[in-house]
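The values are calculated or read from the model by the stated rules, or taken from the named source; none is laboratory data. In this text, all values refer to a predicted model and were calculated from it rather than measured experimentally. Cβ atoms come from the backbone with ideal geometry, glycine included; neighbour counts cover every protein chain shown.
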Amino acid sequence: MKRASKNTYWKTTLLQELNKNMNIDFANLGLAYKEHKQAIDKAMSEVVNTSSFIMGPAVTELENKLSHFVGAKHSISCSSGTDALLLAMMAMDIQPGDEIITTPFTFIATAETIAFLKAKPVFVDIEETTYNIDPLKIEAAITDKTKAIIPVSLYGQPADMEEINSIANKHNITVIEDAAQSFGATYKGNKSCNLSDMACTSFFPAKPLGCFGDGGAVFTKDDYLAEKIKSLRLHGQSKRYHHQYVGIGGRLDTLQAAVLNAKLDHYDKDVKRRQEVAQTYSKYLNDHISIPVIKKDRTSVWAQYSIRVEQREVVQQKLKAKGIPTAVHYPMPLHLQECFAYLAGKKGDFPIAEKVSEEIMSLPMNPYLTEEEIEYITTNLIKTL
C-alpha cells in the first residue's frame, strides 16, 4: 500500500484543526474573576470579617473612586442600573403626565422607569451608524410637558452629548445620560457619566465593569440632587427612622462595592483590551460586512461588538453549531413592546430602530478573547454571509 506523503499528512492535520469546533465564551466572567481573584477575595473577606454588609466603608471608598475615575463631583452607588435611573428621576420629582424623551432602541429599563413613575416615554429614532438617539430629531419631540432627555450611550459609545445638552439648555430641561454600557468611555476628552446634569450606570456582571450581582450608580455635579438621591436610596431618610421623602430600598451591598473596588483598580487595562479585541474583529471583518462605527471625537468601552446581518436566526444557528454564541441587543424596539401598547405606537413610527432591531447581532466580547478565537469566529461568520 502506498503511504501518504508528509505534505499530505500535514495538510490533512491542518484541515482537521480548522474544522475542529472551539467553544467560545461570550463574556468570560469566570476568567475575569480568576485574573483578580486574590484582590477580590481579600476585599470580600474584609467585609465578611467586619460584618459591614450594609453601607460599610467599602461603599464610601467605591463612591470616592468612581468620582475620581470619571471626574464627577458626586457619585452615589445604588442597587442596580435600573434603580439608578429611577433615583435620578425621583430626585427631579418627576410627576404623572410629565414627558421624558428617549430612544426606542435600548434595554427596557430606560423607558420602564419613566413609565413606573407614571410619566410618559416619548421616543425619538436613532442614527443608523451609531444606533444612538438622533439629536437632529429631538427638538421636534419637545412639548411644554417635557422634563428631561435620557440619551443612551449604546454598546459603550457616548451619544452626541454636546448637541443634546445644547437642546436641553435651550428648553430648560434636564439631561440624564443612560451610561449603563459606557462607563469609562470618553467624549471630547471627558468621561462618560460626567457629560450631563446626571448620569446613571450599571455594574451588572456582564457589563464592562461588573460586580457579582446587581449594582449601579448615579453621577451629578449638583449638591442638592446628590443629597436627595442619597436619602431616596435609604427610603427617603434624613436621619434614622425620620423620612423626608418617599424613597426606595436602593443601597448597594457592601460586598458588591468590595468587588468593584478590586476590579476598578484594573479597569483601564480591561478597557484597553476590549478596544484591542474590537480592532481585531474589525480587521478581519472590514472587507466583508459593515463594522461598528465609532465617531472620531469619542471612544467606546465595547460593551458589545454588534454587527448587522440578514437572516439573523439562520446565521446564529450556524455559528452556534460551531461553538460560537451570539446575542441580540435588541430584537424589538420599545414602542412595539406589549407593555407600551397604551402609547399607541405602531410599526413604521421609528423605521431606523425597527430595521436595526431586525438585523443586529452581537458577537462574543470580553477582554480575554485571543486573536485565534477572533479569527475562528470571523472566519465562520464570513462563511454564513
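Is it true that some residue in the stretch 170-178 is crowded, with 21+ Cβ neighbours inside 10 Å and of a type in the set (K, R)? Checked against the condition, which is being crowded, with 21+ Cβ neighbours inside 10 Å and of a type in the set (K, R), the stretch 170-178 yields no hits at all.
Taking the condition hydrophobic (A, V, I, L, M, F, W, C), on the phi < 0 side of the Ramachandran plot and out of contact with any strand residue (DSSP E or B) (no Cβ under 9 Å at 6 or more places or on another chain), does L136 pass? Explain how you work it out, then say what you get.
On the way: hydrophobic (A, V, I, L, M, F, W, C): yes; on the phi < 0 side of the Ramachandran plot: yes; out of contact with any strand residue (DSSP E or B) (no Cβ under 9 Å at 6 or more places or on another chain): yes.
When the stated conditions are applied, L136 passes them.
Consider the stretch 233-282. How many of its residues are hydrophobic (A, V, I, L, M, F, W, C), more than 19 Å from the chain's Cα centre (by Cα) and closer than 15 Å to F203 by Cα? First the steps, then the outcome.
Initial filter on the stretch 233-282 (hydrophobic (A, V, I, L, M, F, W, C)): 234, 246, 248, 252, 255, 257-260, 262, 264, 271, 277-278.
Still in the running and more than 19 Å from the chain's Cα centre (by Cα): 234, 246, 248, 255, 258, 262.
If we keep only those that are closer than 15 Å to F203 by Cα too, we end up with 255, 258, 262.
The total comes to 3.
Report, by residue number, each residue of the stretch 263-305 that is surrounded by fewer than 22 Cβ atoms within 10 Å (Cβ to Cβ) and among the hydroxyl-bearing types (S, T, Y). Residues satisfying the conditions are Y267, T280, S282, Y284, S290, T299.
What about P292, is it out of contact with any Phe, Trp or Tyr (no Cβ under 7 Å at 6 or more places or on another chain) and either touching a residue at least 40 places away in the same chain (Cβ under 8 Å) or under 30 Å from H36 (Cα atoms) (or both)? First the steps, then the outcome.
Numbers: out of contact with any Phe, Trp or Tyr (no Cβ under 7 Å at 6 or more places or on another chain): no; either touching a residue at least 40 places away in the same chain (Cβ under 8 Å) or under 30 Å from H36 (Cα atoms) (or both): yes.
Judged against the criteria, P292 is not a match.
Taking the criterion of being hydroxyl-bearing (S, T, Y) and over 20 Å from the mean Cα position of the chain (by Cα), the only residue of the stretch 342-359 that qualifies is Y342. Residue pairs whose Cβ atoms lie under 6 Å apart, sitting 6 or more positions apart in sequence or on different chains, and linking a residue in the stretch 315-340 that is more than 15 Å from E354 (Cα to Cα) and in contact (Cβ under 8 Å) with a residue 40 or more places away in the chain to a partner that is among the β-branched types (V, I, T) and surrounded by fewer than 16 Cβ atoms within 10 Å (Cβ to Cβ), are V315/T384; K318/T384.
Looking only at helices (runs of 4 or more DSSP H) that lie completely in the stretch 17-132, which have at least 1 residues being basic (K, R) and modelled with pLDDT of 95 or more? Explain how you work it out, then say what you get.
Working: elements: 29-35, 37-50, 57-70, 81-91, 109-116.
The qualifying helices (runs of 4 or more DSSP H) are 29-35, 37-50, 57-70.
Could you list, in sequence order, all residues of the stretch 102-121 that are under 19 Å from S357 (Cβ atoms) and of a type in the set (V, I, T)?
Initial filter on the stretch 102-121 (under 19 Å from S357 (Cβ atoms)): 102-112, 121.
Across the stretch 102-121, the qualifying residues are T102, T103, T106, I108, T110.
Scoring T113 on the criteria (1) in contact (Cβ under 8 Å) with a residue 40 or more places away in the chain; (2) surrounded by 22 or more Cβ atoms within 10 Å (Cβ to Cβ); (3) within 30 Å of P151 (Cβ to Cβ) leaves a single failure, condition (1). When each of H329, H335 is tested for being buried (at least 20 other Cβ atoms within 10 Å of the Cβ) and either under 22 Å from the mean Cα position of the chain (by Cα) or of a type outside the set (V, I, T) (or both), the lone residue that passes is H335.
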